[in-house]
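Below is one structure, written out as structure tokens; comments come after it.
The values are calculated or read from the model by the stated rules, or taken from the named source; none is laboratory data. Computed from a predicted model, the values in this text were never measured in an experiment. Every residue, glycine as well, gets a Cβ built from its backbone with ideal geometry; the counts of neighbours run over all protein chains shown.
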Amino acid sequence: MPKKYHIKPTPAAPHFIPVGRSGIIDFEEDCLKCTTCVKKRCLYDVYKNRAYDAQTLVDSIDHQCKNCFSCIQNCPRGVLSKTINPEFLRMGDAYWKPDIIHNTWFQAETGKIPVSGAGYRGPFSGPGFDAMWTDMSEIVRPTRDGIHGREYISTAIDVGRKQHHLEFDASGRLLREMFPLVEIPLPVIFNTLPFGNLGEGIILSLAAAARQIGSLMYVTPETYGAFLKPFKAQLIPLLPAEGDPDAEILDGVKMVELFYAPDIWQRVQQLKDRDPQRVVSVRLPMNSEAKTIAADLARAGAEVIHLFADYQGNEFVEGDDPRFVKEALRDIHTHLVNESTRDQVTLIISGGIALAEHLPKAIICGADCAAIDLPLLIALECRVCKRCVAGKSCPVKLQNLDSEYGSQRVVNLMCSWWSQLIELMGAMGIRDVRRVRGEVGRAMFFEDLERDTFGAIFGGQK
């Protein structure tokens, strides 16, 4: 049995005061100035350690408060109260919601799984991945306990084309060479970032984190530099569909990716001729033609197809009703299964993968691996304010990021995601993440349940 994979987290406190979910309101003018002030008796010393960041306009007490409500309940004058922080509600956008950002900060700081003892009181279902529930039928079995090491659960995958069958000669030797494969111990690759002040510190942080967890990261010719040479084994050059790539960026890498173009297969063959052992991937946008093109590529012998949506997880289609990556991926995966080519090609998915739970859900929908982007930036304390998009300064100065600090934050995030992945796999009774792929029978989809239950009544379906 191979050695158990493990990611070791190290606490990495934020350099800037995070935006807290709730805020304390203190009406000091009504204070009695009594000698038994509840502020002095705070178990967590949040009032003693309170600070204010003039640059980000954040009060530290909103983040430090543990919500025990002791001060609010015990103040004899009742001058203290709590409310939702309006700055918290203004973070992110319609998809990258404040709770996602807040939980990612916690995981990047601690490497732990975010747990709430208050119970879930939200809606029964929601958009995107929130309309999908996984099967936890094995959670009652005590041996299914992956993070505590009582059983072996593999999260490793092989990236590349798989043999359809093996052929041997009379002496037992293979008649054809095996396809090259790149093994990664976690089905996560670091994608290019959708926006941000991408200084050298950010790129080095991701490269160092990828090396520490044994993963890979994409790099474009524009962001590649001599400072990345020590990380060659982790790099996947992302190249345009046209032009001759620089030999320097290809030297020493295990895998390369090309943007899709009608003549892409000729470009793939050119790269394979230069190094037959290098895996070549094709980056294909999720649109109305993606299913047909993916099937054509798979039949032609493609090793890896990277299907990408926008950073909010929507297809690139005209109109106001694009499919979410979950539905589009299921459609493409099912089509490749019907074409009898799905087992031969590796599918990487990116776009809209925001939380740890989205990773196994994407794999259930048909992906082999996920390429994540914005969670990495959020782990580095990004507020998703998008000031950088408008050419304004970054409130947390990401362009000056220390790479050692940044890499630890990313490693902590990946530790939390890995822990949640094997916890889910243990609860599902699955010991190899490759078995999770396409296991839609181990999940429930709200849209399917609604259609099967009420379609004949309200939709005229039978």
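Side notes on the structure shown:
- Matching option when the condition is touching a residue at least 40 places away in the same chain (Cβ under 8 Å), surrounded by 17 or more Cβ atoms within 10 Å (Cβ to Cβ) and more than 25 Å from Phe231 (Cβ to Cβ), among Ile184, Ile153, Ile157: Ile153
- Residue satisfying condition, being closer than 26 Å to Arg161 by Cβ and modelled with pLDDT under 95, within set Ala309, Ala300, Ala294, Ala328: Ala300
- Filtered by the rule that a residue be in a strand (DSSP E or B) and more than 21 Å from Lys254 (Cβ to Cβ), region 280-306 gives a lone residue, Pro285.
- For region 84-98, the criterion of being farther than 30 Å from Cys382 by Cβ, modelled with pLDDT of 80 or more and touching a Phe, Trp or Tyr at 6+ places or on another chain (Cβ under 8 Å) is satisfied by no residue at all.
- Within region 187-206, if we keep just the residues that are under 14 Å from Val219 (Cβ atoms) and touching a strand residue (DSSP E or B) at 6+ places or on another chain (Cβ under 6 Å), the residue that is surrounded by the most Cβ atoms within 10 Å (Cβ to Cβ) turns out to be Leu206.
- Test for Gly426: is it within 21 Å of Thr134 (Cα to Cα), in contact with an Asp or Glu (Cβ under 7 Å, 6 or more places away or on another chain) and modelled with pLDDT under 95: yes
- Some residue of region 350-359 being part of a helix (DSSP H, G or I), within 20 Å of Val440 (Cβ to Cβ) and aliphatic (A, V, I, L, M): yes
- Pairs with Cβ under 9 Å, 6+ apart, first in region 307-327 and among the small types (Gly, Ala, Ser), second surrounded by fewer than 16 Cβ atoms within 10 Å (Cβ to Cβ): Ala309/Phe316
- Residue selected from region 155-206 under the condition hydroxyl-bearing (Ser, Thr, Tyr) and part of a loop (DSSP other than H, G, I, E, B), by the criterion farthest from Asp273 (Cα to Cα): Thr155
- Criterion (part of a helix (DSSP H, G or I) and more than 19 Å from the chain's Cα centre (by Cα)) met by exactly one of Ala209, Ala233: Ala233
- Where Tyr224 falls short, out of the listed (1) within 23 Å of Arg409 (Cβ to Cβ); (2) of a type outside the set (Gly, Ala, Ser); (3) in a strand (DSSP E or B); (4) out of contact with any Phe, Trp or Tyr (no Cβ under 6 Å at 6 or more places or on another chain): (3)
- Taking each residue of region 213-224 that is under 17 Å from Phe259 (Cα atoms) and looking for partners that are hydrophobic (A, V, I, L, M, F, W, C) and part of a loop (DSSP other than H, G, I, E, B) with beta-carbon atoms closer than 7 Å, six or more apart or interchain, yields Thr223/Leu198.
- Ala295 being buried (at least 24 other Cβ atoms within 10 Å of the Cβ), assigned by TED's automatic domain parsing to the domain that holds His165 and closer than 30 Å to Met425 by Cβ: no
- Any hit, region 335-351, residues being over 15 Å from the mean Cα position of the chain (by Cα), farther than 17 Å from Asp310 by Cβ, of a type in the set (Lys, Arg) and modelled with pLDDT of 95 or more: yes
- Selection status of Asp452, in contact (Cβ under 8 Å) with a residue 24 or more places away in the chain, out of contact with any Pro (no Cβ under 9 Å at 6 or more places or on another chain), farther than 20 Å from Phe324 by Cα and of a type in the set (D, E, K, R): no
- Filtered residue count, region 1-25, keeping only those that are surrounded by fewer than 16 Cβ atoms within 10 Å (Cβ to Cβ) and free of Cβ contacts under 8 Å to residues at least 60 places away in the same chain: 3
- Close contacts from region 56-85, counting a first residue that is touching a residue at least 24 places away in the same chain (Cβ under 8 Å) and among the small types (Gly, Ala, Ser) and a second that is assigned to a strand (DSSP E or B) and buried (at least 16 other Cβ atoms within 10 Å of the Cβ), with Cβ to Cβ under 8 Å and a gap of 6+ residues or different chains, come to Ser81/Ile24.
- Qualifying positions in region 212-221 - among the aliphatic types (A, V, I, L, M) and either touching a Phe, Trp or Tyr at 6+ places or on another chain (Cβ under 6 Å) or part of a helix (DSSP H, G or I) (or both): Ile213, Met217
- Of all residues in region 51-75 being crowded, with 16+ Cβ neighbours inside 10 Å and part of a loop (DSSP other than H, G, I, E, B), the one that is modelled with the lowest pLDDT: Thr56
- Failed condition for Thr134, given (1) touching a strand residue (DSSP E or B) at 6+ places or on another chain (Cβ under 8 Å); (2) more than 30 Å from Glu447 (Cβ to Cβ); (3) modelled with pLDDT under 95: (2)
- Test: residue in region 439-455 that is farther than 24 Å from Thr104 by Cα and surrounded by 21 or more Cβ atoms within 10 Å (Cβ to Cβ): no
- Subset of region 107-128 (residues that are at pLDDT 90 or above and part of a loop (DSSP other than H, G, I, E, B)): Gly111, Lys112
- No other residue among Cys31, Cys42 is touching a residue at least 40 places away in the same chain (Cβ under 8 Å), surrounded by 12 or more Cβ atoms within 10 Å (Cβ to Cβ) and over 30 Å from Ser154 (Cβ atoms) apart from Cys31.
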